[in-house]
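Colleague: Structure below; questions to follow.
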Amino acid sequence: MTSFIQYDEKSDFSIHNIPFGVAVFNKEYIACATRIGDLVVDLASLYDYSFFDDIEGLNENIFEAYTLNDFIELGKPVTSAVRKRLQELFTEGSALSHDEKTIEACFYDLDKVEMLMPIHIQNYTDFYSSIEHATNVGKMFRDPANALLPNWKHLPVGYHGRASSIVVSGINFHRPKGQMKPADATQPIFGPSQQLDFELEMAFVVNKNTELGESISVKEAEDAIFGMVLFNDWSARDIQSWEYVPLGPFLGKNFCSSISPWIVTLEALEPFRTVSPKQDPEVLDYLKFEGDKNFDIQLEVYLQPENGKENLISKSNYNFMYWNMSQQLAHHTVNGCNVEVGDLYASGTISGAEASSFGSMLELTWRGQNPIQLNDGTERKFINDHDTVIMRGYGEKNGIRVGFGEVSSKVLPAK
Ligand code: MN
């Protein structure tokens, strides 16, 4: 597949990708969009030019919208057909390739475009599905000899997070304030978090509504997943470690999480499907799965001080996940919990076995014991004010590259 649109061979947005997002074009007009190379394509105008007329189930200009929810809800038969049509249109020699009028009207350079939150997130859940991450945290906070709690290998542990504070890449946020109890103090104190951290995660978006009482099986799960984004689940470790007993994460977690603006479809990730880790002990029947359910997506975290250079501080991979997306969704709904279009389900911090692949500052610096040296000579135990954290992710195999671009956000001083 070769496109008539020129792009770098290292572009995340090759013709094999065709992600979906929502863009402001020329600072005045909002519509659903896709991207190829460094061009953003206005799908609402492409619809008006009749390029989707014969796609069954696409009966109105659903791209004239501020979110992708209505499009996603049409389900895979329609969303896959649209993606395939876009791939055909972008291919060398297509009808579109000779149609200068449409290209002029629908294709925009990156600098003419601002990306918005691609979906209205109805509900957000965060899992805890990387065995290396769960083991590291268990070692640090509990018992090195029994780092994993007894339930961990029997179910994908998770909690309900907060949807209102999830923002798109480029939105900066203020350092959270809260209550914490320093190790040497007898009473809690109040102030700006001193242990602000990122969590390297990926998240998937659900494309359907289910009824209360209904479950989605492992087998059905991938049909219910539209696509994925990069996810930075910002965390305040000092607030978290004081507040979390006995009910779990709360204000140390819900002040901000950031997502990448382009939703990459599961179809686009197909070339990177890979074998899942063997689960031992054997899981209960409702969590059993067949086939390759993991995805080989290389992940990178960069820390950039104000006016400084980017520092690569972690290299991880989504294929490290012990629990896969299908198991997560099956487990989430096995009790009859209903899901909604636009729900976001995050993986939990993705750490590998090597110290260089840990997905949080908590692990990279081992709770501040081993600070990271940056290329400007400064060091970090956690994230400072005015630091920007950038996460990037991509699959690359047999000359095919499909990526997520980045999720980037800067920490502003506490208000
Ligand atoms: Mn998290």
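The values are calculated or read from the model by the stated rules, or taken from the named source; none is laboratory data. Here the structure is a predicted model, which means the values were calculated and not measured. With ideal geometry, Cβ positions are generated from the backbone for all residues, glycine too; neighbour counts draw on all protein chains shown. All accessible areas refer to the heavy atoms of the entire protein, side chains included, with ligands and DNA or RNA removed. Shrake-Rupley method; radii C 1.70, N 1.55, O 1.52, S 1.80 Å.
Colleague: From the square roots a ≥ b ≥ c of the eigenvalues of the alpha-carbon gyration tensor of segment 21-115, which class results: rounded (a/c under 1.5), prolate (a/b over b/c), or oblate?
Modeller: oblate
Colleague: DSSP loop GluC sites (Glu not before Pro) in segment 158-234 with at most 16 other Cβ atoms within 10 Å of their Cβ, which ones?
Modeller: Sites meeting the loop and neighbour criteria: Glu211, Glu214.
Colleague: First obtain the Kirkwood hydrodynamic radius of the chain from its Cα pairs, then insert it into the Stokes-Einstein equation at 10 °C and 1.306 mPa s, and state the resulting D in µm² per second as a whole number.
Modeller: My calculation gives 72 µm²/s for D.
Colleague: A follow-up question, please. Carbon and sulfur atoms: what percent of the 1.4 Å accessible area of the chain do they account for?
Modeller: With neighbouring chains kept in place, the figure for the chain is 49 percent.
Colleague: Could you work out how far the C-alpha centroid of segment 330-365 sits from that of segment 18-37, in angstrom?
Modeller: So the two Cα centres are separated by 28 Å.
Colleague: Moving on to the next point. For segment 309-367, run through the trypsin sites (Lys or Arg not before Pro) and keep only the ones in DSSP coil with at most 14 other Cβ atoms within 10 Å of their Cβ.
Modeller: Within segment 309-367, the qualifying trypsin sites (Lys or Arg not before Pro) (loop, at most 14 other Cβ atoms within 10 Å) are Lys309.
Colleague: Report for the chain the percent antiparallel among DSSP-assigned beta bridges with both residues inside it, nearest 5.
Modeller: Of all bridge pairs located within the chain, approximately 90 percent are antiparallel.
Colleague: Does segment 221-285 come out rounded, prolate or oblate, given a ≥ b ≥ c as the square roots of the eigenvalues of its C-alpha gyration tensor, rounded meaning a/c under 1.5 and, failing that, prolate meaning a/b above b/c?
Modeller: Oblate shape, in that a/c is at least 1.5 and b/c is the bigger or equal ratio.
Colleague: Hey, another quick one. Only four residue types carry charge here, +1 at the Cβ of Lys and Arg and -1 at the Cβ of Asp and Glu. Report the dipole size of the chain about the Cα centre in Debye, rounded to the nearest 20.
Modeller: Details: 34 positive and 58 negative charges, 316 e Å.
Charge dipole, the chain, about its Cα centre: 1520 debye, nearest 20.
Colleague: If you average the sequence gap of Cα pairs under 8 Å that are 6 or more apart and divide by the length of segment 12-139, what percent do you get for the contact order?
Modeller: Relative contact order for segment 12-139 comes out at 31 percent.
Colleague: Also, I was wondering about something else. Read phi for every residue in segment 70-84 and hand back ³J(HN,Hα) as whole Hz from Karplus 6.51 cos²θ - 1.76 cosθ + 1.60, θ = phi - 60°, with x for Gly and Pro.
Modeller: Computed from phi, the couplings for segment 70-84 are 5, 5, 4, 5, 5, x, 4, x, 7, 5, 5, 5, 5, 4, 5 Hz.
Colleague: Something else: Could you check the spin-label model distance between Glu64 and Phe250? Points 7 Å from the Cα along Cα→Cβ, value in nm.
Modeller: 4.7
Colleague: I would also like to ask the following. May I ask for the distance between the Cα centers of segment 88-134 and segment 252-319, given as a whole number of Å?
Modeller: Centre-to-centre (Cα) distance: 19 Å.
Colleague: At 1.4 Å probe radius, can you tell me the per residue accessible area of the chain in Å²?
Modeller: So the chain comes to 44 Å² accessible per residue, rounded to a whole number.
Colleague: Counting other Cβ atoms within 10 Å, which chymotrypsin sites (Phe, Trp or Tyr not before Pro) in segment 255-304 have at most 16 and lie in a DSSP loop?
Modeller: For chymotrypsin sites (Phe, Trp or Tyr not before Pro) across segment 255-304 that sit outside H, G, I, E and B with at most 16 neighbouring Cβ atoms in 10 Å, the list is empty.
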